[in-house]
Amino acid sequence: MDRQIIVTGGAGYIGSHTVIELLKEGYEPIIIDDFRNSKPFILDRITEISGETPIHYSVDCTDEEAMMAIFEKHPNLLGIIHFAADKAVGESVTNPLKYYQNNVGSMAVVLKGMAKYNLEHLVFSSSCTVYGEPDQAEVTEDSPVREANSPYGHTKIICEKMIRDVFASGAAIKGTLLRYFNPIGAHPSARLGELPQGIPNNLVPYITQTAKGIREQLTVFGDDYDTPDGTNIRDYIHVVDLARAHVLALNWSLNQSQTFYEAFNLGTGKGSSVLEIINTFEKVNQLKLNYQIGERRAGDVVQIYANGNKAKEVLGWECEYDISAALKHSWEWEKGLE
Ligand code: WQD
């Protein structure tokens, strides 16, 4: 059976780790990535780690003509794993149109391409942000999708609805939505990891850059929340565990006879506070981090973590790494960056 699968954003943080896991599973990933949120050397690292060099197209996923030409060129594609999107929550607030143009625009092109070239399988990179501020901290896939806290989050909700509506129209689509919680960590080889562009929005890359001296000091955005230590709680999941979930989701999709539209939470099922992350980072890497407690950040959810039973039962997915391993791998990766 042909095993070719398009991976948009395949040079990105989660995309590149997923390409590694797809190759290990015997798939043939074809990467579409214009490096707007990555760098070409990531492809060399994929080759270094896997021993293989996937086909790569440097194309903007909103460029309909260029995307169709790729689908035309590869008539035996199984489908698409769609990562390509802008993802900086703060930037999306100041520049919403960039996010709608890219994240929603590329989703439309992907769905049009699937219809035109009869591609069945779609695995979409979604996010726990679709739950907004949940009533309970632990969310299942049936927890209500809420008004998100940012245009970035709105684009994820809109993309999920686009897939649902295409499915509801009777299209022959097998649509899997993977709702990530907080991806952290790096490849155990320390040769692949996150490449935040500019000042990191997310906690862990800001921590590693502070430890390396790139950033002067980490600010904890508030310690007066209604949580045990006053800081926000999140479900931090190792990027390699997340990558393996994509392979299991694709395997599962290929085994389904009927069309479907299914969401899966991808989280460890355990919540960790900001201070727990900081303390664990210091402990596993035997260093002291320079941080201060500052003001709350607008839009932050107080606490959220996954009920991950569905992915475990349906996809057979289990996390292999805990936050200690993830924070060790993140630091090893950061130390290796120029
Ligand atoms: C985590 C916690 C901050 C930075 C977002 C998206 C989600 C996903 C991951 C994109 C919060 C605190 C952070 C800092 C801090 N998508 N923090 N100081 O906001 O949970 O999720 O990013 O990649 O879809 O919504 O992640 O890492 O920004 O924040 O105190 O310098 O760390 O307040 O409590 P978030 P985050």
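Every number in this text was worked out from the coordinates using simple rules, so none of it is lab data. Here the structure is a predicted model, which is why all the values come from computation and not from measurement. Because the Cβ atoms are built from the backbone with ideal geometry, glycine has one as well, and the counts that use them run over all protein chains shown.
Some notes on this structure:
- For the stretch 168-184, 3J(HN,Hα) computed residue by residue from phi via the Karplus equation (6.51, -1.76, 1.60; θ = phi - 60°) reads 5, 6, x, 5, 7, 10, 10, x, 10, 9, 9, 9, 6, 8, 9, x, 9 Hz, glycine and proline entered as x.
- The largest-to-smallest principal axis extents of the Cα set in the stretch 122-175 are 35, 23, 16 Å.
- Between amide H atoms placed 1.01 Å from N, distances below 5 Å from L218 occur with N290, Y291, Q292, all of them 5 or more places distant or on a separate chain.
- Take the Cα of I55, go 7 Å toward its beta carbon, and the backbone nitrogen atoms of the stretch 1-35 under 14 Å from that spot belong to 2-8, 28-33.
- Annotation: the antiparallel percentage among DSSP beta bridges lying fully within the chain is about 5.
- Long-range amide H partners of S127 with built H, under 5 Å: Y180
- Using θ = phi - 60° in the Karplus curve 6.51 cos²θ - 1.76 cosθ + 1.60, the 3J(HN,Hα) couplings for the stretch 198-208 round to x, 6, x, 7, 8, 4, 5, x, 5, 4, 5 Hz; x is entered for Gly and Pro.
- Here the Karplus curve 6.51 cos²θ - 1.76 cosθ + 1.60, taken at θ = phi - 60°, turns the phi angles of the stretch 81-96 into couplings of 9, 9, 9, 3, 5, 7, 9, 8, 4, x, 4, 5, 6, 7, 9, x Hz, with x standing for Gly and Pro.
- Cα-Cα P(r), the stretch 248-288, percent of pairs per 10 Å interval: 20, 29, 17, 20, 13, 1
- Distance between modelled label sites at F260 and Y100, nm, 7 Å Cα→Cβ extension: 3.4
- In this structure, the amide hydrogen of I32, modeled 1.01 Å from its nitrogen in the peptide plane, lies closer than 5 angstrom to those of V7, T8, G9, G10, Y57, counting only residues at least 5 positions away or on a different chain.
- Whole-Å semi-axes of the ellipsoid equivalent to the stretch 215-306 (Cα gyration tensor, √5λ, descending): 34, 17, 10
- Per-residue ellipticity at 222 nm, computed for the chain from helices alone with -39500 (n - 2.57) per DSSP H run of at least four residues, works out to -11000 deg cm²/dmol.
- Scattering profile of the chain at q = 0.07, 0.12, 0.13 Å⁻¹ [log10 I(q)/I(0), Debye over alpha-carbon scatterers]: -0.26, -0.82, -0.97
- Hull-based mean projected area of the stretch 1-152, where the convex hull spans the alpha carbons, in square nanometres: 10.1
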